[in-house]
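Student: Mind having a look at this structure? Questions to follow.
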Amino acid sequence: MTKLNIKLGLQIPLFDYPGVAPYKLFERVADIARTAEASGFDSVWVMDHFEQIMGDPAAPILEGYVALAGLAARTERVNLGTLVTGVLYRNPAVLAKMVTSLDVLSGGRAVLGIGASWNESEQQHYGIDRVSVAERMDRLDEALEICRAMFTQDAPSFKGRYYEINEAHNVPRPVRPDGIPIMIGGSGEKRTLRAVARFADACNIFGDAETVRHKMKILDEHCAAVGRSPRDITRTALKTLIIAPHADEAAKKAEPVRAARGDRFGIIGMVGAPDDVRAQARELREAGLDGLIVNLPDAYDLDVVAPAGETLAGL
């Protein structure tokens, strides 16, 4: 697998925007994606959630893979993926078929983002079986084996404890001969980063520069344990980006975001004027990242999306 080139990604919210009617929601999402593509972002990501997780769960929200299929038709260059698919939400063979179809629709731009399905409230509302963390991680390992096999083999078979396929055909095939790249989201040191070393082409973690440096050291150790070169894995982190022409304006914009969301995972950490944001991004890159994926609380404002891309592209 050629190393996945993700230097700057934008995670686009799929829920309600101020002043946008629910039936117009996708049009605004498409406008954001096109603006991101034009301003230097190399990938566009959406959450894989069925209800809003940062506000009213009854608010409008689009299903992630349907939205990505629409974005495949509205964009030309950016990679497309979920950040990240919950492993419990779909049979992994069906998921592999869905992502392959997205790859074909987009001309080879799909990325499978996948993780261990943390949101128990959503699972309860949708009747998705809630299982222990250990079982979720075991299911993730099996799903990764199935998806990789279906991306690279003609009619693979697999029998695990939780999932099984028997000569599963996946036609049309992925556009890229070596298959569709896989990104695992999460920072767990014992299981998640080990799964990255075993199965993934990329990872997406949380945390400040010190945390990133530590997690990358753990990932290197897992790579050594399985005999894999650490350089094969694209390393990214997710950050909420709050940018404004002046630092005091950005700090003021950050206050309600922190109040509403909190910062349990250290996601909010890029706040300031363009020069401040570039310095923060360089610190994270120097800690061991290949790229950043950011979300913008005010992404509905295209006049914010463009400066964000122009500020960070090329770092």
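The values are calculated or read from the model by the stated rules, or taken from the named source; none is laboratory data. Note that this is a predicted model, so its numbers are computed, not measured. All Cβ positions, even for glycine, are placed from backbone atoms using ideal geometry, and neighbour counts span all protein chains on display. When the accessible area is computed, the model is the full protein with side chains, heavy atoms only, and any ligands, DNA or RNA have been set aside. Shrake-Rupley method; radii C 1.70, N 1.55, O 1.52, S 1.80 Å.
Student: Of the residues that sit in the stretch 162-180 and are over 11 Å from Ala149 (Cα atoms) and open to solvent by 80 Å² or more (accessible area, probe 1.4 Å), which one is nearest to the chain's Cα centre (by Cα)?
Tutor: Pro177
Student: Among Thr100, Thr75, which is the only one that is under 17 Å from the mean Cα position of the chain (by Cα), hydroxyl-bearing (Ser, Thr, Tyr) and on the phi < 0 side of the Ramachandran plot? Full working, then the answer.
Tutor: Working: Thr75 fails: under 17 Å from the mean Cα position of the chain (by Cα).
Just one listed residue meets the conditions, Thr100.
Student: Exactly one of (1) assigned to a loop (DSSP other than H, G, I, E, B); (2) at pLDDT 95 or above; (3) surrounded by 21 or more Cβ atoms within 10 Å (Cβ to Cβ) is unmet by Arg77. Its number?
Tutor: So the condition that Arg77 fails would be (3).
Student: If you scan the stretch 200-215, which residues turn out to be assigned to a helix (DSSP H, G or I), out of contact with any Asp or Glu (no Cβ under 8 Å at 6 or more places or on another chain), in contact (Cβ under 8 Å) with a residue 12 or more places away in the chain and open to solvent by 10 Å² or more (accessible area, probe 1.4 Å)? Steps first, answer last, please.
Tutor: First, the residues of the stretch 200-215 that are assigned to a helix (DSSP H, G or I): 209-215.
Subset that is out of contact with any Asp or Glu (no Cβ under 8 Å at 6 or more places or on another chain): 210-214.
Going one step further and asking which of them are in contact (Cβ under 8 Å) with a residue 12 or more places away in the chain, we end up with 210-213.
Glu210, Thr211, Arg213, listed by residue number.
Student: Looking for something surrounded by 15 or more Cβ atoms within 10 Å (Cβ to Cβ), at pLDDT below 95 and not small (Gly, Ala, Ser) - is there at least one such residue anywhere in the stretch 62-71?
Tutor: For the stretch 62-71, residues surrounded by 15 or more Cβ atoms within 10 Å (Cβ to Cβ), at pLDDT below 95 and not small (Gly, Ala, Ser): present.
Student: What tally of residues in the stretch 30-54 results from selecting those that are touching a strand residue (DSSP E or B) at 6+ places or on another chain (Cβ under 9 Å) and charged (D, E, K, R)?
Tutor: 4
Student: Take the conditions in contact with a Lys or Arg (Cβ under 9 Å, 6 or more places away or on another chain), of a type in the set (Gly, Ala, Ser) and open to solvent by 20 Å² or more (accessible area, probe 1.4 Å) and apply them to Ala225. Does it pass? Show your work before the answer.
Tutor: Numbers: in contact with a Lys or Arg (Cβ under 9 Å, 6 or more places away or on another chain): yes; of a type in the set (Gly, Ala, Ser): yes; open to solvent by 20 Å² or more (accessible area, probe 1.4 Å): yes.
Answer is yes for this residue.
Student: Six or more apart or on different chains, Cβ under 7 Å: which pairs go from a residue in the stretch 153-168 that's free of Cβ contacts under 8 Å to residues at least 60 places away in the same chain to one that's part of a loop (DSSP other than H, G, I, E, B) and of a type in the set (D, E, K, R)? Could you list them?
Tutor: The qualifying pairs are Ala155/Glu167; Ser157/Glu167.
Student: Taking the condition of a type in the set (A, V, I, L, M), at pLDDT 95 or above and either part of a loop (DSSP other than H, G, I, E, B) or open to solvent by 30 Å² or more (accessible area, probe 1.4 Å) (or both), does Val196 pass?
Tutor: Numbers: of a type in the set (A, V, I, L, M): yes; at pLDDT 95 or above: yes; either part of a loop (DSSP other than H, G, I, E, B) or open to solvent by 30 Å² or more (accessible area, probe 1.4 Å) (or both): no.
Spelling it out, it is not the case that Val196 is of a type in the set (A, V, I, L, M), at pLDDT 95 or above and either part of a loop (DSSP other than H, G, I, E, B) or open to solvent by 30 Å² or more (accessible area, probe 1.4 Å) (or both).
Student: Tell me which of these Ala143 doesn't satisfy, since it passes every other one: (1) of a type in the set (Gly, Ala, Ser); (2) open to solvent by 10 Å² or more (accessible area, probe 1.4 Å); (3) touching a residue at least 24 places away in the same chain (Cβ under 8 Å).
Tutor: (2)
Student: From the list Ile184, Ile218, which residue is assigned to a strand (DSSP E or B), touching a residue at least 12 places away in the same chain (Cβ under 8 Å) and touching a helix residue (DSSP H, G or I) at 6+ places or on another chain (Cβ under 8 Å)? Before the answer, list the steps.
Tutor: Numbers: Ile218 fails: assigned to a strand (DSSP E or B).
None of the others qualify; the one that does is Ile184.
Student: Please go through the stretch 105-134 and pick out each residue that is assigned to a helix (DSSP H, G or I), out of contact with any helix residue (DSSP H, G or I) (no Cβ under 9 Å at 6 or more places or on another chain) and either open to solvent by 30 Å² or more (accessible area, probe 1.4 Å) or in contact (Cβ under 8 Å) with a residue 40 or more places away in the chain (or both).
Tutor: Residues satisfying the conditions are Glu120, Ser121, Glu122, Gln124, His125, Tyr126, Val133, Ala134.
Student: Suppose we filter Pro174, Pro156 for residues that are within 29 Å of Met216 (Cβ to Cβ), at pLDDT 95 or above and part of a loop (DSSP other than H, G, I, E, B); which single one remains? Quick ask: steps written out before the conclusion?
Tutor: On the way: Pro156 fails: within 29 Å of Met216 (Cβ to Cβ).
Going through Pro174, Pro156 in turn, just one is within 29 Å of Met216 (Cβ to Cβ), at pLDDT 95 or above and part of a loop (DSSP other than H, G, I, E, B): Pro174.
Student: Related question: What tally of residues in the stretch 252-302 results from selecting those that are open to solvent by less than 10 Å² (accessible area, probe 1.4 Å), part of a loop (DSSP other than H, G, I, E, B) and modelled with pLDDT under 90?
Tutor: 1
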